[in-house]
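Here the structure comes first, spelled out in structure tokens, and everything after it is commentary.
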């Protein structure tokens, strides 16, 4: 993975596509993901060295002035966040379950990164706004203490951003829940 990852969330699909093109042209970055998410938003992920990613995110933000919902550059994203974004983390056992619900895609990614760095947990999935009215979820598992630490740290960060919907910790989820969560 590259050293930095940048995320941009736009309230217009058309302007989002313009932003993605602008971001790629702005510097030496790799386009990891771009596409529409509910409700009619556009989400862009680029990676590269820190300065190039910062430049790309700033260029995308400027071209879409007034349409930016959220943006962030994470210089050292935790290695488990990307597999969780694409639901490819292979979690064997559902222990305690932590859920963080946010109002934006970018804030969920920030929450996942903070949670993964705060405690010894496994990210199950970062679900991004598809079919959820623009909200996003972070699902994680681990021992109860670690899940509590991770959810608290991530929730506090998202609360600072003003986009926390809710957070839940289930200390001993029912075994049938695993098939629906993982």
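Taken together, the values in this text are just the output of simple stated rules run on the coordinates, not laboratory data. Because the structure is a prediction, the values reported are computed rather than measured. Cβ placement follows ideal geometry from the backbone for every residue including glycine, while neighbour counts extend to all protein chains displayed.
In the chain, the longest principal axis of the Cα atoms and the axis of helix 50-63 are about 70 degrees apart. Overall, the ratio between the Cα radius of gyration of region 4-74 and 2.2 N^0.38 Å, rounded to two decimals, is 0.93.
Sorting 155, 65 by the number of Cβ atoms found within 10 Å of their own Cβ, with the fewest placed first, yields 65, 155. At full extension, residue 178 and residue 132 could sit 14.5 nm farther apart than now, given 0.36 nm per residue minus the alpha carbon distance. Were the residues from residue 143 through residue 28 laid out at 0.36 nm apart, the gain over their Cα-Cα distance would be 37.3 nm. The overall shape of region 116-182, judged from the alpha-carbon gyration tensor, is oblate: a/c is not under 1.5, and a/b is no greater than b/c.
How large is Rg/Rh for region 63-144, to two decimals, with Cα atoms and a Kirkwood Rh? Can you show the working numbers first?
Values: Rg = 13.2 Å, Rh = 13.2 Å.
In region 63-144, Rg relative to Rh is 1.00.
When each of 90, 78 is scored by the number of other beta-carbon atoms lying within 10 Å, the sequence from fewest to most is 90, 78. Between the helical axis of 105-118 and the longest alpha-carbon principal axis of the chain there is an angle of about 50 degrees. What is the angle, in °, between the Cα long axis of helix 13-26 and the longest principal axis of the Cα atoms in the chain? Nearest 10 is fine, range 0 to 90. The angle comes out near 70 degrees.
Over region 108-150, the pair-distance histogram of Cα-Cα distances with 5 Å bins from zero comes to 6, 26, 30, 18, 11, 8, 1 percent, rounded to whole numbers.
Taking all pairs of distinct Cα atoms, average 1/r, flip it, and tell me the Kirkwood hydrodynamic radius of region 16-114 in Å to one decimal place.
Details: mean 1/r = 0.0685 Å⁻¹.
In region 16-114 this quantity evaluates to 14.6 Å.
Shape annotation for the chain: C-alpha extents along the principal axes are 48, 31, 28 Å, from largest to smallest. With neighbour counts taken as other beta-carbon atoms within 10 Å, the residues 64, 11 rank, fewest first, as 11, 64.
Annotation: extensible slack from residue 36 through residue 21 equals 3.9 nm (criterion: 0.36 nm per residue apart, minus Cα-Cα distance).
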